[in-house]
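J.: Please find one structure pasted underneath; my questions will follow.
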Amino acid sequence: MLIFRPCSLLFLLLPFLQNAQSLDSLIASFNRNLENFDTFNPHYGPVHIDSTAMPMADKKAFLAEYEVEPNEVEPIELQSFYLVRLDSIVRLLFAEPDLLKRDLAKHLKCGVIQTEDRRFLQLSFHENTGGTYQSRVVHYLYRSADSSYSSIYMNNDEEINLDADGYLDVDYLGSRSDTNYYFFQGGVRGCSYCFASTAGIFIATANGLSEFQTIEVNSRYWGTTIEIDKKDDGSREIAVHHQVDDLSGPCYCDRAREGEEDNFDQEQGAAIYCKYLYRYYKYRIYLLESSCLYQDPLDPEGLRFED
């Protein structure tokens, strides 16, 4: 995570606070600064500030904040400059009373998830670290009739306990007992051969937002590990299937076999493939089936299915 001087946020936030900008101008400013942020790769060497495509006003603001000699700057410092600006703009966006009435996916040039109930908003963009971890900068906003929560990248609110890398899709499920329910799908690439996939439910209550039930697969498998089939009645079937490796851990059925010493055949070895079927129904997720694939001794290249 990037570290900034304590005065940086205030210094860059003041111009925005002094100019009462409209929602449209804030959106335009966000898009412009995000485009500039994306142009820099921290793996590149120092560059002369005049060789960048930074607007002149941005160059002056940067030189007033950072010590640069002789005008050569590290790309990571330029990223820091724009990231602080983006955080500042998002704070102002989140303060706009009419923000959630707009179709933000049509206007903001970042990842936008806006739920049907117009209460939950996620803004995200690639952190652009130059590494294989495809981390995202994520901003959350939630508003209801009697509560409002926001989580900013550099100042996360403890009342929002959601995935730091955000979600790929979020659906509003409904409300029960003063709790709003949302179904999510997520995932991120952690390294060249590290893949995380998630699905589940998070809830919004008077105490904040938090994940309620989560299915997570961490593996080195390149294929799809979680598939969702949404039914007409609002239920969902969640099919999970993945190879066993050092990230995923053993299958559920293997754990059960290890607990039954009389039935556990040590020579057969552990399962090499896991398969589960879950169902979401009326604000809960239920495990319906779990099964394993084992190596067939007569077919070393194949798999044998065993319930």
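J.: Name the residues in region 234-245 that are of a type outside the set (Lys, Arg) and either at pLDDT 95 or above or under 21 Å from Ala270 (Cα atoms) (or both), would you? Talk me through it step by step, then tell me what you get.
T.: Of all residues in region 234-245, those of a type outside the set (Lys, Arg) come to 234-235, 237-245.
Ser235, Glu237, Ile238, Ala239, Val240, His241, His242, Gln243, Val244, Asp245 - these are the residues of region 234-245 that are of a type outside the set (Lys, Arg) and either at pLDDT 95 or above or under 21 Å from Ala270 (Cα atoms) (or both).
J.: Select from region 253-286 the residues that are at pLDDT below 80 and under 26 Å from Glu211 (Cα atoms) and write down the one among them that is most open to solvent (accessible area, probe 1.4 Å).
T.: Residues of region 253-286 at pLDDT below 80: 253-269.
Subset that is under 26 Å from Glu211 (Cα atoms): 253, 255.
Values: Cys253: 21, Arg255: 120 Å².
Once the filter is applied, the top-ranked residue is Arg255.
J.: Being under 24 Å from the mean Cα position of the chain (by Cα), at pLDDT below 95 and not charged (D, E, K, R) is true for just one of Thr214, Thr224. Which residue is that? Before the answer, list the steps.
T.: Working: Thr214 fails: at pLDDT below 95.
Just one listed residue meets the conditions, Thr224.
J.: Checking Arg176 against (1) within 23 Å of Tyr280 (Cα to Cα); (2) open to solvent by 20 Å² or more (accessible area, probe 1.4 Å); (3) without any contact (Cβ under 8 Å) to a residue 60 or more places away in the chain; (4) not hydroxyl-bearing (Ser, Thr, Tyr), which single condition isn't satisfied?
T.: (3)
J.: Further question: Would region 11-30 turn up any residue that is hydrophobic (A, V, I, L, M, F, W, C), farther than 27 Å from Arg102 by Cα and either modelled with pLDDT under 85 or out of contact with any Leu (no Cβ under 8 Å at 6 or more places or on another chain) (or both)?
T.: Taking region 11-30 as the starting set, the residues that turn out to be hydrophobic (A, V, I, L, M, F, W, C) are 11-14, 16-17, 20, 23, 26-28, 30.
Then keep just the ones that are farther than 27 Å from Arg102 by Cα; that gives 11.
From what is left, the residues that are either modelled with pLDDT under 85 or out of contact with any Leu (no Cβ under 8 Å at 6 or more places or on another chain) (or both) are 11.
Checked against the condition, which is being hydrophobic (A, V, I, L, M, F, W, C), farther than 27 Å from Arg102 by Cα and either modelled with pLDDT under 85 or out of contact with any Leu (no Cβ under 8 Å at 6 or more places or on another chain) (or both), region 11-30 yields at least one hit.
J.: Can you name the number of the only condition in (1) among the hydrophobic types (A, V, I, L, M, F, W, C); (2) crowded, with 16+ Cβ neighbours inside 10 Å; (3) within 30 Å of Ser144 (Cβ to Cβ); (4) touching a Lys or Arg at 6+ places or on another chain (Cβ under 7 Å) that Phe195 fails?
T.: Looking at each condition in turn, Phe195 falls short on (3).
J.: Of (1) of a type in the set (S, T, N, Q); (2) closer than 27 Å to Tyr82 by Cα; (3) open to solvent by less than 50 Å² (accessible area, probe 1.4 Å), Thr129 satisfies all except one. Which?
T.: Thr129 satisfies every listed condition except (3).
J.: Considering only residues of region 132-154 that are open to solvent by 30 Å² or more (accessible area, probe 1.4 Å) and touching an Asp or Glu at 6+ places or on another chain (Cβ under 6 Å), which is modelled with the lowest pLDDT? Give the steps one after another, and end with the answer.
T.: Residues of region 132-154 that are open to solvent by 30 Å² or more (accessible area, probe 1.4 Å), as a first pass: 132-134, 136, 143-146, 148, 150, 154.
This time we only want the ones that are touching an Asp or Glu at 6+ places or on another chain (Cβ under 6 Å), so: 136, 154.
Numbers: Arg136: 91, Met154: 48.
Across region 132-154, the extreme among qualifying residues is Met154.
J.: Still on this structure, please answer the following. Can you tell me how many residues in region 43-90 are open to solvent by 70 Å² or more (accessible area, probe 1.4 Å), under 20 Å from Val137 (Cβ atoms) and either small (Gly, Ala, Ser) or modelled with pLDDT of 85 or more (or both)?
T.: The qualifying residues number 2.
J.: Of all the residues that make up region 226-247, how many are outside any strand (DSSP E or B) and buried (at least 17 other Cβ atoms within 10 Å of the Cβ)? Can you show your working first?
T.: Let us first name the residues in region 226-247 that are outside any strand (DSSP E or B), namely 231-235, 244-247.
If we keep only those that are buried (at least 17 other Cβ atoms within 10 Å of the Cβ) too, we end up with 244, 247.
Summing the residues that are outside any strand (DSSP E or B) and buried (at least 17 other Cβ atoms within 10 Å of the Cβ) in region 226-247 gives 2.
J.: Which count do you get for residues in region 155-173 that are buried (at least 17 other Cβ atoms within 10 Å of the Cβ), hydrophobic (A, V, I, L, M, F, W, C) and within 23 Å of Gln134 (Cα to Cα)?
T.: Number satisfying all stated conditions: 4.
J.: Would you check if there is a residue in region 205-221 being open to solvent by 20 Å² or more (accessible area, probe 1.4 Å) and within 26 Å of Ser80 (Cβ to Cβ)? Quick ask: steps written out before the conclusion?
T.: As a first pass, look at region 205-221 and keep what is open to solvent by 20 Å² or more (accessible area, probe 1.4 Å): 205-207, 210-214, 216, 218, 220-221.
This time we only want the ones that are within 26 Å of Ser80 (Cβ to Cβ), so: none.
No: zero hits.
The values are calculated or read from the model by the stated rules, or taken from the named source; none is laboratory data. No experiment lies behind these values; they were computed from the predicted model shown. Note that each Cβ is placed from the backbone with ideal geometry, even for glycine, and that neighbours are counted across all protein chains shown. The protein model used for the area step is the full one, side chains on, heavy atoms only, and it has no ligands, DNA or RNA in it. Shrake-Rupley method; radii C 1.70, N 1.55, O 1.52, S 1.80 Å.
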